[in-house]
Structure formats: structure tokens, C-alpha cells
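One structure is given below, encoded as C-alpha cells.
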Amino acid sequence: MTHPDDTNSQIEKHYTRKEVADLLGISKVTVYHYAKQNKIRKVPDPHRTRREARYYATEVDQLAEQRKELQVEGYSTTELGKKLGISQQKIYQLIKEHNLPVHEVPHGDERIRYVIPEETAQWMKEEIKRTAPTRGIRSEFYDSHLNIALYQLFTSADDRIETRVVRNDIGEWGFYSSSRSWIPYDKAIEQYGYKAVYELHRPLIKLNGYTDFILPKENELSYLFLDYIYLRRGIENIRLREHDNHLALSVKAGALQVTDQLPNVLTDEVIQSFLVGGAGEVINQEEDWIFVSGYHKTSIELPVTIIETLHHLAEVEKLSFNELLEQALERFIQSQQP
């Protein structure tokens, strides 16, 4: 960078620290560090005639132009992680494993940051969906930093308003008001005093298998059932995946004692209706619900060539290996029926 002669500094245009911060899109603290790193120079003021530091405008303008040239459209790894419900490490892994097209933008001293174009972000979304297990994974429905879960019930400080925490289109946690305006989670807690109605954690059940439920979103009883499962099973023993019209809920198999905390409207008929489209069953035994898994783990040996072919077909069909094998077996069974 070519520096102006200090002897001409009286006639050269200067910027204040705030003006530099606004022009470069950085904080005033970062402006200070830029000056320490000689990216821009502070105008000398040996007699301290100014209340605020000034910076040479030509240097600031030149740096602003350079930053403008480097600006590209796309998502940061943080933004995309929130949008897709995955970690930044998973994003880096996908980029490396599949050599995905991303923008590498200089960031700080001898560092770069990734900016992910829309096309690459969409590919990642489809790949995550394709390779994800049939049941939801923890990061899809639970935020460990905030200790909140999807559709968990909250109330206002005076207990007059009940609402449920959700994620918006860009993966941010928060609430929708009655007028459908968005309230970020932090604002709802700090300014409006929203509070969780129940705890989310229970000891891990060391049993294999899940009972799978389909909870229609338009059915208010679905959310009452989810509340009860959150309360009695805890996020350690469930999986939840959100779809456009329903929630796919998987609950660890085993006995669940029914208490007086169960809403009266959650009758046996309602619980059985949630099993339609799922897998497994629920048996009512006096004061217990017995959740029975709809799956039984097994292992089979196949020739390597067949396994390779199945993996290729699964990729073409955008299914997991297990889903493809299950569908193939179902078609075979149906073909053998009279």
C-alpha cells in the first residue's frame, strides 16, 4: 500500500474510527487492530488536538475497495450450519470429501474462510437428507447450548400465554406470536420472560429399539403427546424429525408408567391413531404403557458385488442402504402373496 507523505496530512481527507468501521463493515475495536497491523495508518497527532483518532482516507478507501472485490454471495459455514441443523465440522467434511465448489475468501492474517454458493448449499442439503438415518438425529430437534427442543412448550412470565419454540427458515430458534411475527429466542427470554414448562432430561434407557409415531401437525393432540413424551422420556430416549405435514417421533421401547400428568384427552384411541404409518405398537397394561419396537436388528451376509450394486442403487434412488433393502424385501413379499 502506498502511504501519503505525513507532511501533507493537513490537506488530506481523514476518517474517524466510526467512519472507518462503517466503511469496512467491521467493529471499532477491529479498526484499532487494523492500525496496529499497519493495514491502515492513524494520522499523527503529537499535540493531541483531536478528541478522536483519525485515519488516512486514501488507505481506508483502498482497503474498502479490496474487500468489495473479494465479496461473494453465499452462506458462511455458521449460517449454513444453522440452516441445515449440522455442525461446521460436518460442512468442512462434506467440502473435503466431495471436493465441493466453494469460495475461499481471505480472512485476517494468512487465513481463509469458506463462502458456500446456493447450488453447493442445496447439494449439501440433499446429501444430508439422503444419508441421514430414518429417524431424526439429536441436532435436528435439540439445541444443547440453549437446552431447548423443537415444539417444547413455554409460557409467558405471567403464565397467561402458552407458545412453542420452533426454528425459522434459516435455522434460528424462537417463537411466532399470535400475529405470526417472529420473536428470536434470546429476546423472548430476556424481554418477555418466556420460560419452559418442563424439563427435558431423563436417564438413558439401555434397551434396543424404538416405537415410531406419526404426529399430524394439524392435530393439537399431537403436541400434547409430544409434551408428555418430552417430560416422561426425555430427549435422551427419543428421536424427532420434522416433515411438512407431520412430526416423525421415535420413542425408546420399554415400559412407561402412566401418571396423573397425562392429559385425559390422550386416550388409547388417540395413541393408537399416532401409530398409523409408524412402526411398533403400544400395549396398555394397567398403569403402564408398553412401547414395543417395530424393528428387530438382524445381520445377513451378501457377496461384495451385490453390496456394491445396492449402494449404487441407493445413491440413485436417494435412499439409505437399509431403506432400499427394506423396500426390496417388501416388494418381494407382496409378489409372493396370493
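The values are calculated or read from the model by the stated rules, or taken from the named source; none is laboratory data. On a predicted model such as this, the values are computed, not experimentally measured, just so you know. Virtual Cβ from ideal backbone geometry, glycine too; neighbours counted across all protein chains shown. For the accessible areas, the whole protein counts, side chains as well, though only heavy atoms, and no ligand, DNA or RNA atoms are used. Shrake-Rupley method; radii C 1.70, N 1.55, O 1.52, S 1.80 Å.
What to note about this one:
- Spacing of the two label points (7 Å from each Cα toward its C-beta) at SER181 and GLU65, in nm: 4.4
- For chymotrypsin sites (Phe, Trp or Tyr not before Pro), the sites in the stretch 130-202 that DSSP calls loop and that have at most 15 other Cβ atoms within 10 Å are TYR198.
- Cα centre as origin, Lys/Arg/Asp/Glu Cβ charges: the stretch 208-338 dipole, Debye: 260
- Rounded to the nearest 20, the Cβ-based charge dipole of the chain about its Cα centre (Lys and Arg +1, Asp and Glu -1) stands at 1360 debye.
- Heavy-atom SASA rank of VAL102, VAL165 (probe 1.4 Å, accessible area, largest first): VAL102, VAL165
- Spatially proximal lysines relative to LYS42 (Cα-Cα < 26 Å; intrachain offsets below 8 disregarded): LYS13, LYS18, LYS28, LYS68
- Here is the list for the stretch 244-338: trypsin sites (Lys or Arg not before Pro) lying in DSSP coil, each with at most 16 other C-beta atoms within 10 angstrom of its C-beta, are LYS297, LYS318.
- Unsatisfied cross-links (Cα-Cα over 26 Å) in the set LYS96/LYS187; LYS83/LYS217; LYS96/LYS206: LYS96/LYS187; LYS96/LYS206
- Prolate/oblate/rounded label for the stretch 250-290 (Cα gyration tensor, a/c 1.5): oblate
- Less than 5 angstrom separates the built amide H of ALA255 from those of PHE291, all sequence-distant by 5 or more or on a different chain.
- Between the stretch 247-286 and the stretch 189-228, the Cα center-to-center distance that results, in Å: 13
- Between the residues ILE189, ILE306, GLN257, the greatest Cα displacement towards the positive end of the dipole of the chain, with unit charges on the Cβ of Lys, Arg, Asp and Glu, is found for ILE189.
- DSSP loop GluC sites (Glu not before Pro) with at most 16 other Cβ within 10 Å excluded, longest remaining stretch of the chain: 219-285
- Counting only heavy atoms of the protein chains and using a 1.4 Å probe, LYS195 has close to 80 Å² of accessible surface.
- Positive-pole candidate from PHE225, TYR114, HIS98, dipole of the chain, charges at beta carbon: TYR114
- Accessible surface of THR134 - all protein chains present, 1.4 Å probe, nearest 10 Å²: 90
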